[in-house]
1. What is the set of long-range amide H partners of Phe81 at a cut-off below 5 Å, with H atoms built 1.01 Å from backbone N?
2. With N denoting the number of residues in region 148-235, provide Rg(C-alpha) divided by 2.2 N^0.38 Å, to two decimal places.
3. Over the chain, calculate the relative contact order: mean separation of alpha carbon pairs under 8 Å at least 6 apart, over the residue count, as a percent.
4. Exposed loop sites here are trypsin sites (Lys or Arg not before Pro) in DSSP loop states with at most 16 other C-beta atoms within 10 Å. What is the longest stretch of the chain lacking them?
5. Just to be sure I understand: with springs between alpha-carbon atoms less than 10 Å apart, which residue in Phe300, Phe188, Phe272 has the highest mean-square fluctuation in the Gaussian network model of the chain?
6. Counting only Cα, what are the radius of gyration and maximum Cα-Cα distance Dmax of region 172-211, in Å?
7. Rank Glu48, Glu78, Glu193 by mean-square fluctuation in a GNM of the chain with C-alpha springs under 10 angstrom and give only the top-ranked residue.
8. Rank Leu276, Leu135, Leu103 by mean-square fluctuation in a GNM of the chain with C-alpha springs under 10 angstrom and give only the top-ranked residue.
Amino acid sequence: MMLTQIIRKFNLLILTLFVLSILSFLLVYLFPGDPLVNLTGLENLSPEAHQKLAEIHGFDHSYFYQYWLYLTNLLEGEWGFSFSSGNPLWREIMQTLPASMELSAYALLFSLLIGVPFGFIAGFQHYKLSDYSLLTASVVGYSIPVFWLSLILILVFSLQLGWFPLSGRLSLLYDIPHQTGFIFIDIFLSDVEFKNDAAKSAVQHLILPTLSLTIVTASIIFRLTRRSVIDVMSSQYIQTAYTRGLSGLQVVMRHGVRNALLPIIPLFGMQFAVLLTNAMIVEVIFSWPGIGNWLIQAIFQRDYPAIRAGMLAVSTLVIILTVCTDLLANLINPALSGDRRAQI
């Protein structure tokens, strides 16, 4: 049964990535202008040079051949070059993606630490004053636009109070060589002096962007957890557990917590997609050197190869994380793949 689930999820992953690669391939034709110019950035070519360039990139063949050539280049790591920097896109993505993953991972971690416990508190105390208070706070947190929240945090804690840096990922006083792209790992692996001060600077730069993402994401996770707890605690098997003489604490710890968490584990993985979307906005506001900021700059500069490669990389990451989270939930509780019946 487990092997069947793994094979099914793997097939779903391959099929989804295949469709995603087709959409990524078609982007060069959906962008305004000549597809060959969009792909190469070369304009005002002579007819001979245009024909030669078309032959190199397969534009003189069918769409199927062009897609096969594009897919082959992807698998070989030849993603093209950025118009603005001239660097290989694979290198650009590897330099910016870890920063976005690090920011999103910390935001998701703190969102879980805040949203899940308060969701359980509200669920166990549903329709009481504490539940209404927490629910109101979550509605406010979910309703605030992430860009407005980021600007407010900058205005208050950076400009007014001066507690945290305004932008960036690390103070200019510290020159940390790029090794993994994850700032704390790079600081640990570097040979620079004052590593503790550099790590402190990295934490200070991380707080406001993480807080901007955490408030919105924690509100969503809180509402998901609360709804799941209410559904579980009002189910028939919980009532049966009470009739067997179990105390309220025993019912909650043995049956309430576990059965309330299992259905929402796949939803946590889906929140990573929303988190990355909000992270793109936060990265621009805080000048965070992540792939979201890099993509926005590519859009402004009409760097079409960078846009296509960046969207493909981000979408692939989201799909892989979503499928893996769903598979993990099914491995923990096989009932989720069937009727999702809760048992005592």
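FYI, it's all coordinate maths here, none of it is from the lab. Note that the structure is predicted; figures quoted are calculated from it, not measured. Note that each Cβ is placed from the backbone with ideal geometry, even for glycine, and that neighbours are counted across all protein chains shown.
1. Long-range HN contacts for Phe81: Leu89.
2. 1.51
3. Here the relative contact order equals 27 percent.
4. 1-127
5. Phe300
6. That works out to 10.0, 30 Å for Rg and Dmax.
7. The residue that fluctuates most here is Glu48.
8. So, out of Leu276, Leu135, Leu103, the one fluctuating most is Leu135.
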